[in-house]
Amino acid sequence: GITRNYQFDIQMTNVTRLCEAKSIVTVNGQFPGPKIVAREGDQVVVRVVNHVSHNITLHWHGVRQLRSAWADGPAYITQCPIQKGHTYVYNFTIVGQRGTLWWHAHISWLRATLYGPIVILPKLGVPYPFAKPYKEVPIIFGEWWKADTEVVISQALQTGGGPNVSDAYTINGLPGPLYNCSAKDTFKLKVKPGKTYLLRIINAALNDELFFSIANHPLTVVEVDAVYVKPFATKTLLITPGQTTNVLLTTHAQYPNANFFMEARPYVTGQGTFDNSTVAGILEYENPKSLSSSSFKKNLPLYKPTMPVLNDTSFATNFSEKLRSLGNARYPANVPQTIDRQFFFTVGFGTEPCTHNKTCQGPNGTKFSASVNNVSFVLPTTALLQSHFSGKSEGVYASNFPIIPLNPFNYTGTPPNNTFVTNDTKVLVVPFNTSVELVMQDTSILGIESHPLHIHGFNFFVVGRGFGNYNPAKDPARFNLVDPVERNTVGVPPGGWIAVRFRADNPGVWFMHCHLEVHTSWGLRMAWLVLDGSLPNEKLPPPPSDLPKC
Ligand code: C2O
C-alpha cells in the first residue's frame, strides 16, 4: 500500500441553514467534512490541527485499528483531547477492509458538524464482487440544530431531562425542499439513463435511525459497514447512526421525463419526543437529448417515495434479517465456531438522583440516565488507554465490569421498582484472542427502545436476534454460524435482544456505546480492555510522541 496524507484544520465556519446563520466547527471550512480515500492496505495519516476553543478528538468509525489503538480517537478512552493550538497526527493502516466507513468527532456532541466519508477501495486490480458502477456517490445523512448543539446537550445534562430535538435532517449537509426556505439547499443526484451508480450511504445523524427510499428506484444492498453482503433488492433501507450501507442504483433505460424525490425520515421506537421531519433530495436525469434548460426540468412531474410508517418494526426486522455475509471463498465469513467467554449485557435507560437542582426534568423529578448492566459509565479525566499502558490505572478505572446483570429482572416485562443506576468507570478485561459471545438485551425501564450498539476496534458477527427476553436454553440453537452479517454497529431490537460473536484479536481499550448520542451522553457506554498477546505482533506498540496530554 501507499501512504495517504491529509491535513485537517479544525476551524469555525459560518453556515446558513433554515434561514439562520450559525458558526459551526468544521474541518478545513467544509461541511460536511472532506472525504478520505484510500485503498485496502494503505496507510492513512491525518494531521489534525485544532484552531478552535473546543477540545477535539476524531474517530475513524469502523476502521479496525489493528495494533493502532492510539489512533482510534474516543476522548478519554484512547486519548486526551487535542486542545486549542495543538496538533495530533492520526496514523493507521487499513487492513482487510474495503467499502464505506466514516470519520467523526468523538467528544461531547461535536460530531453534529464534524463528520465525513471514508472510502476504502479494494486493492489495485481487485474488482468489486458486482459489476463496476458507472459512478460512485457518497450520501451522508445528518441532523441540524438551529441552536448550538454543545448548549443543547449541556442543558439536558444539567436539567436531567431530554435534549431538544433537531430542526432538520440533512443529505450531504442540505435539508431540502420540505423545510422552510431550504429549496435552494437541496441535494441533487444527477444521473444518466441506463447506468448503475454505487451510493455510499452513511448515517451521521446524532439521535435517529432512518428509513431511506428513492421514488420508483429499487436499491440493491451490496455492502454494510465495509463488509460485502449477499446482494438483495429493497425499496427502502434502514440505517442506524454509525452504520454505512452501499447500494447499487440502476437508472431507467429511457429518459423518464420526471424527477424523483429521495427521502430519509426516522424509524422511531421510543416514547420520547423526536424530530419527525423528512429530508428530501432530488434524483434528476440529465436529458440525453440536449433538452437541458432548467426551466424544462422544473416542469417535469415529481414522484415521491412511499415510506414505511415511523414505528414500522416489522419492516426493520425483515430488513435486518435479509442481511447476510457474502461468505464466499474470496470473502469468507470467519464466524467463531467455538467461544471462550460469554457475556450478557442489559442495555437501556435508568434514573439518577438529582444533583444540581432540587427537581430534575426526568421521570418523577429524577435525572435521565442509561446504562449497560446497570453501570452508567463515567468518562475519566485522563485516557484509559494511557493509564493502562503506563500501568497507572489506580483511581482511573476498575477492572470489574459486571459480565451479567447484578440484579436480574424480567427485562421486557414489568420494570423493577428501583430504576437507579450506579455511576462508575469500569472496564471488562479479556485476554488476547478470546473468542467472545455477547448477548445484548434491551430493557423496559422507562420504555423499550432500539439501541444501535457500536464496538470500536472490532467487527462482530450478528448470530442471533429476537424479541422478548433472551432464552439461553432455546435461542442459541437457532444461531446462524454460517453467513451472519458482519458489522461494527447493530440495532438491538426494541424490547428484544441481539447476539454477536467476535475474536478479541486487537490489543487496546475499546469503547462500546449506543450510537444515539443522547443515550451515550446518559451513560449507555462501557469499555473493553483487550490484553496484549505473547508474540511481538500481538502487542500494542507504545504511543506516538505527540499523543495529547490531559
Ligand atoms: Cu461512531 Cu464511538 O463512534
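Taking region 133-188 only, how many residues are among the charged types (D, E, K, R) and either closer than 28 Å to Ser521 by Cβ or not assigned by TED's automatic domain parsing to the domain that holds Arg200 (or both)?
Within region 133-188, the subset among the charged types (D, E, K, R) is 135-136, 143, 146, 148, 150, 167, 184-185, 188.
From what's left, either closer than 28 Å to Ser521 by Cβ or not assigned by TED's automatic domain parsing to the domain that holds Arg200 (or both): 143, 146, 148, 150, 167.
Here the count works out to 5.
How about region 250-271: which of its residues are touching a Pro at 6+ places or on another chain (Cβ under 8 Å), crowded, with 18+ Cβ neighbours inside 10 Å and among the aliphatic types (A, V, I, L, M)? Result: Met262, single match.
Residues in region 78-95 that are surrounded by fewer than 23 Cβ atoms within 10 Å (Cβ to Cβ) and in contact with a Leu (Cβ under 8 Å, 6 or more places away or on another chain): Cys80, Thr93, Val95.
Restricting region 98-140 to residues that are among the hydroxyl-bearing types (Ser, Thr, Tyr) and assigned to a loop (DSSP other than H, G, I, E, B), which is nearest to the ligand (Cβ to nearest atom)? Working first, answer last.
First, the residues of region 98-140 that are among the hydroxyl-bearing types (Ser, Thr, Tyr): 100, 108, 113, 115, 128, 134.
The next check asks that each one be assigned to a loop (DSSP other than H, G, I, E, B); those that pass are 108, 113, 128, 134.
Values: Ser108: 12, Thr113: 15, Tyr128: 25, Tyr134: 30 Å.
My answer is Ser108.
Scanning region 449-476 for residues that are assigned to a strand (DSSP E or B) and either modelled with pLDDT under 95 or under 21 Å from Thr313 (Cβ atoms) (or both) turns up His451, Pro452, Leu453, His454, Val462, Val463, Gly464, Arg465, Gly466, Phe467. When the residues of region 70-81 are filtered to those that are of a type in the set (A, V, I, L, M) and within 13 Å of the ligand (Cβ to nearest atom), the one that is farthest from Pro543 (Cα to Cα) is Ala75.
Results for (1) more than 16 Å from the ligand (Cβ to nearest atom); (2) within 24 Å of Pro484 (Cα to Cα); (3) touching a residue at least 40 places away in the same chain (Cβ under 8 Å); (4) in the same structural domain as Pro472 (by TED's automatic domain parsing), shown as yes or no for each residue.
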site	(1), (2), (3), (4)
Thr419	yes, no, yes, yes
Asn423	yes, no, yes, yes
Val430	yes, yes, yes, yes
Glu437	yes, yes, yes, yes
Met440	no, yes, yes, yes
Gly447	yes, no, yes, yes
Phe461	yes, yes, yes, yes
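Here region 511-532 is the region considered, the condition is being in a loop (DSSP other than H, G, I, E, B) and not charged (D, E, K, R), and the residue that is farthest from the ligand (Cβ to nearest atom) is Leu531. Taken over region 202-253, the criterion of being within 16 Å of the ligand (Cβ to nearest atom) and in a loop (DSSP other than H, G, I, E, B) is satisfied by Ala204, Ala205, Leu206, Asn207, Asp208, Asp225, Ala226, Thr240, Pro241, Gly242, Gln243.
The values are calculated or read from the model by the stated rules, or taken from the named source; none is laboratory data. Keep in mind it's a predicted model, so treat the numbers as computed, not measured. Positions of Cβ are backbone-derived with ideal geometry, glycine not excepted, and every protein chain shown enters the neighbour counts.
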